[in-house]
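Enquirer: Structure in structure tokens, see below.
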Amino acid sequence: MIFAIEEINNSTELLPGIKLGYHIYDACGSVPVAVHVAFQLSNALDPVFYTGDNCSQSGMVKAVVGESESTPSISMSRIIGPFNIPQVSYFATCACLSDKQQYPNFFRTVPSDQFQADALAKLVKHFGWTWIGAVRSDSDYGNNGMASFLDAARKEGICVEYSESFYRTHPRSRIQRVADVIRRSTAMVVVAFTSPVDLRILLEELSLEPFKPRQWIGSESWVTAPDLLRFSFCAGTIGFGIQKSVIPGAAIDERLCDGTGDIKTLQSPYTDTSQLRITNMVLTQLKKVNFSRNGYDVSFDANGDPVARYELVNWQKSQSGSIKLVTVGQYDESLPVGLKFQINRNLTWVDGGTQVRNEKQ
């Protein structure tokens, strides 16, 4: 975030003659904390934001960047909306946030889940999977996203054996019940509209007892999450990820290194600049914004949404046995019918083969 702001302040193209200041808060994945911050932003802040480059004016909140999840973003928008403070999220994808009567101040740099739900249904139909299971986070993201997917799936003639919800704060008995439903099911394909944290809890529960691995279909929230790649029984997972981008100059801060380590050996999402997906844009003005940066077009429609573009990613086992993310295709909503969905590399499935058969009798 600081890197992006410094890039804007140092640029002669993005906001010439204007310097941005900032306050950064951690919502800690908590809606109450996010709401508390929203009230702080609405009630004024410290008198000075940024003391460099002759910045002497008192700090005034011009815009809010965040939150990363849909439910906290909804809560924040309800609070700051009446003050006409623009809010730009980089990862809140609930289709409900496109309603400008409810959220007139909300913009985002990732597509609405309405597009993803339709794309996932087309993906499932493309491979002939007509008998599936479904799990979701019990949140605005999961519930709205799964509802859109199930509606699109029905139109594609896809049948759903079960649809289960759970959340990270639910008792373990609830998580166990969902895991048992998956183990006992005949559907070999599972579509998961969940947050990475929620799915990790479910996968940890599933890993405790042997079961026939399923073919997982992932939403963008978790399908590119590096820490989930350790669940080897999820090899073959496929889903849509936010477009990957390369940001020039986004290197590791040398002050954080002691000089003795080898950066190539580090395995951390914070040091891996090859997987910059939700962090790949710098924003300027909002309603009329239209610019390109690092090969990425940035613009918003009347609902505050960008053009829906995704990468199709596949969890493939490497020769060493570890799982790696491989981009195997694209989905571009702006292209004509028949050209939106393209696969340009071989995929591997749960069993290492190229096809997952239906088990519905």
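Enquirer: Restricting attention to segment 1-45, and to residues there that are closer than 21 Å to ASN294 by Cα and acidic (Asp, Glu), which single residue is surrounded by the most Cβ atoms within 10 Å (Cβ to Cβ)?
Expert: Of everything passing the filter in segment 1-45, GLU7 is surrounded by the most Cβ atoms within 10 Å (Cβ to Cβ).
Enquirer: Can you tell me which of (1) hydrophobic (A, V, I, L, M, F, W, C); (2) under 24 Å from VAL313 (Cβ atoms); (3) outside the structural domain of ILE182 (by TED's automatic domain parsing); (4) at pLDDT 95 or above is the one PHE91 doesn't meet?
Expert: (4)
Enquirer: Could I ask something else about it? Name the single residue that is surrounded by the most Cβ atoms within 10 Å (Cβ to Cβ) among those in segment 90-104 being among the polar types (S, T, N, Q) and within 29 Å of GLY133 (Cβ to Cβ).
Expert: THR93
Enquirer: Being over 20 Å from ASP198 (Cβ atoms) and charged (D, E, K, R) is the filter here, so list the residues in segment 154-179 that pass it.
Expert: ARG154, LYS155, GLU156, GLU161
Enquirer: I've got another one for you. Look through VAL35, VAL48 and report the one residue that is farther than 21 Å from PRO196 by Cα and modelled with pLDDT of 90 or more.
Expert: Selected residue: VAL35, the only one of VAL35, VAL48 that is farther than 21 Å from PRO196 by Cα and modelled with pLDDT of 90 or more.
Enquirer: Name every residue in segment 292-341 that is more than 18 Å from ALA119 (Cα to Cα) and outside any strand (DSSP E or B), in order of residue number.
Expert: Hits for segment 292-341 are ASN294, GLY295, PHE300, ASP301, ALA302, ASN303, GLY304, SER318, GLN319, SER320, GLY321, SER322.
Enquirer: Taking PRO86, is it modelled with pLDDT under 95, surrounded by 22 or more Cβ atoms within 10 Å (Cβ to Cβ) and touching a strand residue (DSSP E or B) at 6+ places or on another chain (Cβ under 9 Å)?
Expert: no
Enquirer: Name the strands (runs of 3 or more DSSP E) wholly within segment 105-213 that hold at least 1 residues that are in the same structural domain as GLU333 (by TED's automatic domain parsing) and surrounded by fewer than 16 Cβ atoms within 10 Å (Cβ to Cβ)?
Expert: 159-166
Enquirer: Among the residues of segment 274-297, how many are modelled with pLDDT of 70 or more and surrounded by fewer than 18 Cβ atoms within 10 Å (Cβ to Cβ)?
Expert: Final tally of qualifying residues: 10.
The values are calculated or read from the model by the stated rules, or taken from the named source; none is laboratory data. Because the structure is predicted, anything quoted here is derived from the model rather than measured. Positions of Cβ are backbone-derived with ideal geometry, glycine not excepted, and every protein chain shown enters the neighbour counts.
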